[in-house]
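Chemist: Could you have a look at this structure, given as structure tokens, before my questions?
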Amino acid sequence: MAGDAFHPDLVDPAPVDAGRTSAKVHHVRAADLDAGTAQTDGMSRFAAISGRTVGSDKLWMGETHVAPAMASGNHHHGESETAIFVRKGHPEFVYHDGEREVRIATEPGDYIFVPPFLPHREENPDPNEPAEVVIARTTQEAIVVNLDRLSPL
């Protein structure tokens, strides 16, 4: 809420567990993103925040790049909820609603939510500009289940 003052006396901070390795602020530089995360053909994923990189318990965050005129393979992210912020380009998010293929065109600044277990793919129809998105997931590692099909059998 813009303009609201912060009232520290109204905040009940959670206690910090000093025994945890993640009980500190971690800084992950853009140059240090980890490509050693689950991948899907046609795109590149890079982890920034994960159990492996910073010791997170419930969150994975990183980015995905799709080259010009490319489409990813069909996939889903298991139990993870996925939030996506479009940073660059005009990626399209494609899924099947049970009756037909649905395509959502985006532009920089847009957000996308992908529910758990929903098969989908990312496409970049632009012949010149790569698409880049920032991703947050509700699991500590990137769950990626690659699929042959987008639609149910």
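Chemist: Residues in the stretch 61-77: is at least one closer than 21 Å to residue 119 by Cβ, of a type in the set (A, V, I, L, M) and part of a loop (DSSP other than H, G, I, E, B)?
Modeler: So far as the stretch 61-77 goes, no, none of its residues is closer than 21 Å to residue 119 by Cβ, of a type in the set (A, V, I, L, M) and part of a loop (DSSP other than H, G, I, E, B).
Chemist: Spot the failing condition for residue 98; the list is (1) farther than 17 Å from residue 60 by Cβ; (2) in contact (Cβ under 8 Å) with a residue 40 or more places away in the chain; (3) touching a strand residue (DSSP E or B) at 6+ places or on another chain (Cβ under 9 Å); (4) surrounded by fewer than 16 Cβ atoms within 10 Å (Cβ to Cβ), and only one is missed.
Modeler: Status for residue 98: all satisfied but (3).
Chemist: If you don't mind, another one. I'd like the residue in the stretch 96-119 that is assigned to a strand (DSSP E or B) and within 13 Å of the chain's Cα centre (by Cα) and, out of all such residues, is nearest to residue 79 (Cα to Cα). Before the answer, list the steps.
Modeler: Step one: filter the stretch 96-119 for residues assigned to a strand (DSSP E or B), giving 96, 101-105, 111-114.
Narrowing the set further to residues that are within 13 Å of the chain's Cα centre (by Cα) leaves 111-114.
Numbers: 111: 20, 112: 17, 113: 14, 114: 11 Å.
Taking the candidates together, the pick is 114.
Chemist: Moving on. Just the residues that are closer than 25 Å to residue 107 by Cβ and in contact with a Phe, Trp or Tyr (Cβ under 9 Å, 6 or more places away or on another chain), please, taken from the stretch 50-73.
Modeler: Within the stretch 50-73, 62, 63, 64, 65 qualify.
Chemist: When both residues are 6+ apart or on different chains and their Cβ atoms are under 6 Å apart, which pairs have a first residue that lies in the stretch 118-146 and is under 14 Å from residue 62 (Cβ atoms), and a second that is assigned to a strand (DSSP E or B) and small (Gly, Ala, Ser)?
Modeler: Close Cβ pairs (under 6 Å, with a partner that is assigned to a strand (DSSP E or B) and small (Gly, Ala, Ser)) amount to 135/62; 136/83.
Chemist: While we're here: So the check is Cβ under 6 Å with 6+ separation or different chains; which pairs have a first residue in the stretch 24-41 that's of a type in the set (Val, Ile, Thr) and a second one that's assigned to a strand (DSSP E or B)?
Modeler: Pairs that qualify, where the first residue is of a type in the set (Val, Ile, Thr) and the partner is assigned to a strand (DSSP E or B), are 28/48; 37/45; 37/47; 40/75; 40/146.
Chemist: Being closer than 19 Å to residue 129 by Cα and aliphatic (A, V, I, L, M) is the filter; apply it to the stretch 56-93 and report the residue that is surrounded by the most Cβ atoms within 10 Å (Cβ to Cβ). Write out each step before concluding.
Modeler: So in the stretch 56-93, the residues closer than 19 Å to residue 129 by Cα come out as 63-72, 84-93.
If we keep only those that are aliphatic (A, V, I, L, M) too, we end up with 66-67, 69-71, 84, 86.
Working: 66: 24, 67: 15, 69: 12, 70: 17, 71: 18, 84: 21, 86: 19.
By that ranking, first place goes to 66.
Chemist: Could I ask something else about it? Within the stretch 128-143, how many residues turn out to be under 17 Å from residue 43 (Cβ atoms) and exposed (fewer than 15 other Cβ atoms within 10 Å of the Cβ)?
Modeler: Count: 1.
Chemist: What's the number of the condition residue 149 fails, among (1) within 27 Å of residue 24 (Cα to Cα); (2) basic (Lys, Arg); (3) over 15 Å from the mean Cα position of the chain (by Cα)?
Modeler: For residue 149, the failing item is (1).
Chemist: Further question on the same structure: Is it the case that some residue within the stretch 35-47 is in a strand (DSSP E or B) and either at pLDDT 95 or above or of a type in the set (Asp, Glu) (or both)? Break it down into steps so the answer makes sense when it comes.
Modeler: Of the residues in the stretch 35-47, the ones in a strand (DSSP E or B) are 44-47.
Then keep just the ones that are either at pLDDT 95 or above or of a type in the set (Asp, Glu) (or both); that gives none.
Checked the stretch 35-47: no residue is in a strand (DSSP E or B) and either at pLDDT 95 or above or of a type in the set (Asp, Glu) (or both).
The values are calculated or read from the model by the stated rules, or taken from the named source; none is laboratory data. Treat the numbers as computed from the prediction; the structure is a model and nothing was measured. FYI the Cβ positions are ideal-geometry reconstructions off the backbone, even for glycines, and counts take in every protein chain you see.
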